[in-house]
Amino acid sequence: MPLIGISFSILGLIAVGAAIWVMLWGMGFFQYLGGNKKTSSAISKNALKEKILALNSPELPYQITPAKESDFFLEWKIIDAKWYGIFSKERVEKTYHAFILLDDSRKTARYYEELGSVKWHIGTDGISAPSVSYKEEFFKGRILFQKSWGVQYGIKESGKFGKVYEYKFDIGYVRDPIKKIAQENGWEFV
């Protein structure tokens, strides 16, 4: 009987150790910082900056600009909508930001992401119960995978009923072109 208790104790310790490792990995403690895969064909930092800025286009839903705290700041206003529901006023904002830092000594492009959303509602729940709600979500770090799509109909601020917003968000749509340019030019992307 004591052997079974010891066995379960050992399994419990292994499970706790694995959970701690997964938590630390998710927080980025074991993140590869780059610099071990240097190639002699890497272009200069200024040349890479020009290529990344050349990605900007009026057709893209996001914009890449030079920044003070990093080399580039990328912003995508996914949703910014206000509308009227039945006995309520609603608002939704959803944004994606990325900071790109080019480490010239390691020839590494570091990519840091932020995804945030704000939803608020003022009105009633039904006919008579007043209601006010506010919800804010924010994520900073490394987004492994995200695709989302949404559509909302309501009474626009102009007073007409119709589509208030429709969006499609795919993390690869914004990150993959930058990653491709960095890697094609001899830089690592982390």
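Checking 64, 79, 86 one by one, the residue that is closer than 30 Å to residue 135 by Cα, β-branched (Val, Ile, Thr) and at pLDDT below 90 is 86 and no other.
For segment 133-171, a tally of residues being free of Cβ contacts under 8 Å to residues at least 12 places away in the same chain and loosely packed, with under 13 Cβ neighbours inside 10 Å returns 6. For residue 74, the conditions (1) in contact with a strand residue (DSSP E or B) (Cβ under 9 Å, 6 or more places away or on another chain); (2) at pLDDT below 95 are fulfilled apart from (2). When each of 151, 190, 132 is tested for being in contact with a His (Cβ under 8 Å, 6 or more places away or on another chain) and of a type in the set (A, V, I, L, M, F, W, C), the lone residue that passes is 132. Taken over segment 59-93, residues that are in contact with a helix residue (DSSP H, G or I) (Cβ under 8 Å, 6 or more places away or on another chain) and β-branched (Val, Ile, Thr) amount to 1. Quickly run through segment 77-97 and pick out the residues that are hydrophobic (A, V, I, L, M, F, W, C) and surrounded by 17 or more Cβ atoms within 10 Å (Cβ to Cβ). Across segment 77-97, the qualifying residues are 78, 79, 81, 83, 92. Quick check: anything in segment 55-62 under 28 Å from residue 105 (Cβ atoms) and in a loop (DSSP other than H, G, I, E, B)? Within segment 55-62, one or more residues are under 28 Å from residue 105 (Cβ atoms) and in a loop (DSSP other than H, G, I, E, B). Can you name the residue in segment 93-121 that is out of contact with any Phe, Trp or Tyr (no Cβ under 6 Å at 6 or more places or on another chain) and of a type in the set (Lys, Arg) and is also nearest to residue 79 (Cα to Cα) among such residues? Of everything passing the filter in segment 93-121, 94 is nearest to residue 79 (Cα to Cα). If you go through segment 1-50 and keep only what is at pLDDT below 80 and touching a Pro at 6+ places or on another chain (Cβ under 9 Å), you end up with nothing.
Only one of the listed residues (45, 51, 68) is open to solvent by 80 Å² or more (accessible area, probe 1.4 Å) and in contact (Cβ under 8 Å) with a residue 24 or more places away in the chain. That residue is 51. Selection of segment 122-151 for residues being closer than 26 Å to residue 74 by Cα and not charged (D, E, K, R) yields 138, 139, 141, 143, 144, 145, 146, 148, 149, 150, 151.
The values are calculated or read from the model by the stated rules, or taken from the named source; none is laboratory data. As the structure is a prediction and not an experimental result, all values here were calculated from the model. Counting neighbours? That spans all protein chains shown, and the Cβs are built from the backbone with ideal geometry, glycine included. Note: areas computed on protein heavy atoms with side chains; ligands, DNA, RNA excluded. Shrake-Rupley method; radii C 1.70, N 1.55, O 1.52, S 1.80 Å.
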